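Undergrad: Mind looking over this structure? Questions follow.
No lab work stands behind these numbers, since they all come straight from the coordinates. Computed from a prediction, not measured in an experiment: that's the story for all the values here. All Cβ positions, glycine included, derive from the backbone under ideal geometry; neighbour counts span all protein chains shown.
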Amino acid sequence: MNPITVLISWTCYGQWLHGDARGSVDPEHNVVGTPWLPPDPAVESSEQDHMTQPAYTMDADRRRIVLAAIREVCAFRGWTLHAVHVRALHVHVVVSGAQTPERMMNDFKAYASRALNKAGFDGPDRKRWTRHGSTRYINDESYLAAAINYVLNKQGEPMERWPESAAP
């Protein structure tokens, strides 16, 4: 497989449910440029009722561990990490590698969960991540620069990110 570059994003468990006021996506509403699912309080409430654990939020210590785990998996797999920003409720990664975006995202989540378990945060049965996430292919240098800028500079107050400093 030839290397690809991709923007991968995922949320923490329970932090962005279908029906959310911000809108949401599902397999039928996940194409760039097409409308998301509209807000629907009844759907959101139903999703909350089906949650088996409380929603997950990452404090600064957890975010630092997740950031280190993402950097570790990239080094181990030989992937090029362009940018990462670990937020309290979600994670964004811009990465290049000879693997599918879904595999990359699954590896990031698995490494992060193992590192959090090893550090004694939560337990191995804790649901931390949404089942999937967003994977957007990056096919040119201008989109790569825009994706890196989005990840590092367009997320609000900077939290745990790499590289540390980023000019907008």
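Undergrad: Give me, ordered by chain and number, the residues 5 or more places off GLN15 or on other chains with an amide H under 5 Å from its own placed amide H.
TA: Amide H neighbours of GLN15: TYR56.
Undergrad: I need to check one value: relative contact order of the chain, counting alpha carbon pairs closer than 8 Å and at least 6 residues apart, in percent.
TA: Averaging sequence separation for qualifying contacts and normalising by length gives 33 percent for the chain.
Undergrad: Under 25 Å Cα to Cα from LYS154, which lysines show up? Leave out anything in the same chain fewer than 8 places away.
TA: Within reach: LYS109.
Undergrad: Using the Cα atoms of region 67-131, I'd like the radius of gyration and the largest Cα-Cα distance, Dmax, both in angstrom.
TA: 11.7, 32
Undergrad: Ordered by residue, what ³J(HN,Hα) values in Hz, to whole numbers, does region 47-63 give under the Karplus form 6.51 cos²θ - 1.76 cosθ + 1.60, where θ = phi - 60° and Gly and Pro are x?
TA: So the Karplus estimates, Gly and Pro as x, are 4, 4, 5, 8, 5, 9, 9, x, 4, 9, 10, 9, 7, 4, 5, 5, 4 Hz.
Undergrad: If all Cα-Cα distances of region 36-168 are sorted into 10 Å bins from 0 onward, what percent lands in each bin, rounded to whole numbers?
TA: 11, 38, 35, 15, 1
Undergrad: Using mean Cβ contacts within 10 Å as the protection proxy, how do 45-55, 4-14 order, highest first?
TA: Ranking, from highest mean packing down: 4-14, 45-55.
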